[in-house]
1. Yes or no: residue 203 touching a helix residue (DSSP H, G or I) at 6+ places or on another chain (Cβ under 9 Å), within 28 Å of residue 613 (Cβ to Cβ) and touching a residue at least 24 places away in the same chain (Cβ under 8 Å)?
2. Looking only at region 603-614, which residues are under 25 Å from the mean Cα position of the chain (by Cα) and not in a strand (DSSP E or B)?
3. When you scan region 428-447, how many residues do you find that are over 15 Å from residue 110 (Cα atoms) and buried (at least 18 other Cβ atoms within 10 Å of the Cβ)?
4. Looking at this structure, is residue 464 crowded, with 18+ Cβ neighbours inside 10 Å, over 22 Å from residue 525 (Cβ atoms), in contact (Cβ under 8 Å) with a residue 60 or more places away in the chain and over 22 Å from the mean Cα position of the chain (by Cα)?
5. Keeping to region 248-270, report how many residues are surrounded by fewer than 18 Cβ atoms within 10 Å (Cβ to Cβ) and closer than 20 Å to residue 116 by Cα.
6. Just one of (1) more than 25 Å from the chain's Cα centre (by Cα); (2) on the phi < 0 side of the Ramachandran plot; (3) at pLDDT 95 or above trips up residue 597, so point out which.
7. Going by the conditions given, is residue 520 over 15 Å from residue 58 (Cα atoms) and touching a residue at least 12 places away in the same chain (Cβ under 8 Å)?
8. For region 276-287, how many residues meet the condition of being crowded, with 17+ Cβ neighbours inside 10 Å and over 23 Å from the mean Cα position of the chain (by Cα)?
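The values are calculated or read from the model by the stated rules, or taken from the named source; none is laboratory data. All of these numbers come straight from a predicted model, not from anything done at the bench. Heads up, the Cβs are rebuilt from the backbone with ideal geometry, glycines too, and the neighbour counts pull from every protein chain shown.
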């Protein structure tokens, strides 16, 4: 045991030295910063409001200003600049996007909207990220690493929590229109505010593009080479009433409706394939401060996702429908034990249902699967002098997939007011979806739940405008989900692991806003000693933006190392991607904006055979009151 730990620590000395060098250089430069900006408050790292700099898991925030300045067209484009996150797309807007966080499977990262998990149980668990539009988002919190003991099944790689807009202050109105390459346009209108004790917010967005061929006909000659377009209508809204100080009831809604066309490599060049994806989420909540130190929140939610795939081709017509329904009751409690210590406790109870049907010239089938889920959890977070501790325990019971206990133990030590050392250890449990288990053709009833252990060592520097975090991580997963291309079934990989170094940094130097990230990792299947499919060993990004007068100019560069594809396909090449954006403030209410995606027109793929956008120019105007 001791020799194993020594070898593990020895293997990380070089990355740690690199992290220390980067931190030391940036710290020296940042010491000239005089302003002390407000530190963002986060809730996802521990289910408790705390300054971002206090979060023991590696947590970053994409603020409302960051979202506005990025001009990102969808959620995947917004996330792909962040440390430890890799996006894989099978084509352009509207085509399926997958998220790998710290090399974990897409189903091992939990996506939440306003505290409610969003999953597609009728497929492989990941929601339709490609259909979530930034105009509906207020801010995003990203927690990297194994936090299954805090949020349950599906949080081995981490959590991405999306917060929709919430009313505050006088009524505020906004509207924007944008148009650009490939017949793309987008329009958004919104209103938010607070009247007396009532908060309200509503946002409506329409996006449409003619797109391009999702698959490359030179690599897949059987695909239809026509353009694969996408049309998306999204809405989010909330209204709440504070009926007594510290006591609030309300409702939140989120929905999107996307229609698109797609390519089928196993068809003919004249085939027509149409997809229709609809997601809707409704949540009723009651937040109550029973005492000065006890706050309780009760949330009842329903999430429904529908996916329909219809094909017309030489081999006949086909129709496949997938419907996921998740009803969930969440009771979360926060108890302030002292000025420096807080405890959490809660219970979740849910019902999940998956409906799958298929109609074609080869036959018809219809199947329905359902199961109950329950969990109970507790945690504590606090400080003793320079020491900071976080402990979380959780028990999950997923019908048909068993149950498990998980834990998280985090420790921080403040060397100075600016420098903190961090260590944590955690375990995880991730259940397969009902379709992965029971679907008659592609299901695998012998599929086991994933179980994982993670360890981290990190150092953080925070002062003024500067925040830097370096984390060494080691995650070992037993029975990780894999894919068998011969049977199209999900299978268990006996042992998988990922070890690496993750860096994130943001600062202001020479009146320029800088942000950077670097991920060095080695995600592999230990059974075969092969790198996991489509996972890059090196990821990096660098962004810079400067404001002068009425102008704001920005650019970012992203790097993705070469990586393997699914078995039988060639290796995917390394690529650099550069994007640029600008905004001109005409007056207090009106601004002009524009961006160039893929500035140098790089030809690259994130999945073999699937095209990615060439250079694109987009311009628009925004009005807000």
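1. Yes, satisfied.
2. Start the filter on region 603-614 by keeping residues that are under 25 Å from the mean Cα position of the chain (by Cα), which leaves 604-614.
Correct list: 604, 605, 606, 607, 608, 609, 611, 612, 613, 614.
3. Residues flagged as over 15 Å from residue 110 (Cα atoms) and buried (at least 18 other Cβ atoms within 10 Å of the Cβ) within region 428-447 amount to 9.
4. For residue 464, the condition - crowded, with 18+ Cβ neighbours inside 10 Å, over 22 Å from residue 525 (Cβ atoms), in contact (Cβ under 8 Å) with a residue 60 or more places away in the chain and over 22 Å from the mean Cα position of the chain (by Cα) - is not met.
5. Of the residues in that region, 5 qualify.
6. Result: residue 597 passes all but (1).
7. Values: over 15 Å from residue 58 (Cα atoms): yes; touching a residue at least 12 places away in the same chain (Cβ under 8 Å): yes.
Yes: the conditions hold for residue 520.
8. Selection size over region 276-287: 2.
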